[in-house]
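What follows is one structure encoded as structure tokens, with my remarks underneath.
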């Protein structure tokens, strides 16, 4: 029998991080997926990617491909040569829109290194390696665990708590036509904040976690207020300014920038007809936007479970 690793199937959800006031600490898994099937031995002994779905051409670009560079770099750091892979990608996650596409790709690369390098890492080790590489834990932790995941990282160690059971709020994502790089969005933030801003966000974050734990949609309007990142990014994400006033109206429970933007996440009462809310979004946006309806998702799935 061959000792070579078997093919690996991965499914990783999109994420909406920085959730309201939860900067670098709260993330929500979305039922839009990066699905990967990987086998050893690319054609002619080189790496190869076949991609379908959203932004397929970008997903097939080999140069600086985050999935493959992560896979190769992890094994190189361990003194191992990464064997060429043939990777089939089916992508549903919009790229560059604040929906965790890079976190999903990075986490996929860690899974590939663990599996095809026969590293034997635990799930916690996989999570922590990906969070260290990402630099902050909110997207990666939500992608790994699913649901609404709270995460804290200290000295490379990651602690998480996840809320996912029987939360039936609907999620709508409003996507403008132009993307925004995370690097540019980070550069918009100040180095220091006032005590008043810090206290306001601590209060709102505690309330937001309580809203998910208690499944209290009525808390979301107040709980998703932010004074740490959204006010500084709103000029680069004008759709946010147009949609924030919808919070608390027409079945919309809460509104927040998704990740670093420019997409906007709206949490909606499940009893409210989607068509009515989508029409409200289009009217408020004032310019063409794509609206995606989705739901809270489970976390990363791999088969075989190594």
- [ ] Restrict the check to segment 82-91 and report whether at least one residue is under 15 Å from the mean Cα position of the chain (by Cα) and crowded, with 17+ Cβ neighbours inside 10 Å.
- [x] yes
Open item on the list: For a quick check of your reading of the model, give me the residue pairs whose first member lies in segment 59-75 and is outside the structural domain of residue 48 (by TED's automatic domain parsing), whose second is part of a helix (DSSP H, G or I) and surrounded by 14 or more Cβ atoms within 10 Å (Cβ to Cβ), with beta-carbon atoms closer than 8 Å and at least 6 apart or on different chains.
Closed with: none
Open item on the list: Would you confirm whether or not segment 175-191 contains a residue that is surrounded by fewer than 21 Cβ atoms within 10 Å (Cβ to Cβ), in contact with a helix residue (DSSP H, G or I) (Cβ under 9 Å, 6 or more places away or on another chain), in the same structural domain as residue 284 (by TED's automatic domain parsing) and assigned to a strand (DSSP E or B)?
Closed with: yes
Open item on the list: Conditions first: (1) in contact with a strand residue (DSSP E or B) (Cβ under 8 Å, 6 or more places away or on another chain); (2) not in a helix (DSSP H, G or I). Residue 249 passes all but one, so which condition is the exception?
Closed with: (1)
Task: Scan of segment 127-162 for residues that are part of a helix (DSSP H, G or I) and surrounded by fewer than 22 Cβ atoms within 10 Å (Cβ to Cβ), ordered by number - done: 128, 132, 133, 134
TODO: Working only within segment 48-63, note down all residues that are under 20 Å from the mean Cα position of the chain (by Cα) and in a loop (DSSP other than H, G, I, E, B).
DONE: 54, 55
TODO: Output the residue which, of all residues in segment 2-28 that are in a loop (DSSP other than H, G, I, E, B) and surrounded by fewer than 17 Cβ atoms within 10 Å (Cβ to Cβ), is farthest from the chain's Cα centre (by Cα).
DONE: 2
TODO: Report yes if residue 291 is free of Cβ contacts under 8 Å to residues at least 40 places away in the same chain and assigned to a strand (DSSP E or B), otherwise no.
DONE: no
- [ ] Give segment 264-288 a look and list any residue that's in contact with a helix residue (DSSP H, G or I) (Cβ under 8 Å, 6 or more places away or on another chain) and either closer than 23 Å to residue 142 by Cβ or assigned to a strand (DSSP E or B) (or both), or say none.
- [x] 264, 266, 267, 268, 269
- [ ] Could you check, for segment 76-86, whether at least one of its residues is in a loop (DSSP other than H, G, I, E, B) and in contact with a strand residue (DSSP E or B) (Cβ under 7 Å, 6 or more places away or on another chain)?
- [x] yes
TODO: Evaluate the following for residue 221: is it under 22 Å from residue 293 (Cβ atoms), modelled with pLDDT of 95 or more and touching a strand residue (DSSP E or B) at 6+ places or on another chain (Cβ under 7 Å)?
DONE: yes
Open item on the list: I want to confirm something. Restricting to segment 269-283 and keeping residues that are touching a strand residue (DSSP E or B) at 6+ places or on another chain (Cβ under 9 Å) and in contact (Cβ under 8 Å) with a residue 12 or more places away in the chain, which single residue is nearest to residue 237 (Cα to Cα)?
Closed with: 281
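The values are calculated or read from the model by the stated rules, or taken from the named source; none is laboratory data. Keep in mind it's a predicted model, so treat the numbers as computed, not measured. All Cβ positions, even for glycine, are placed from backbone atoms using ideal geometry, and neighbour counts span all protein chains on display.
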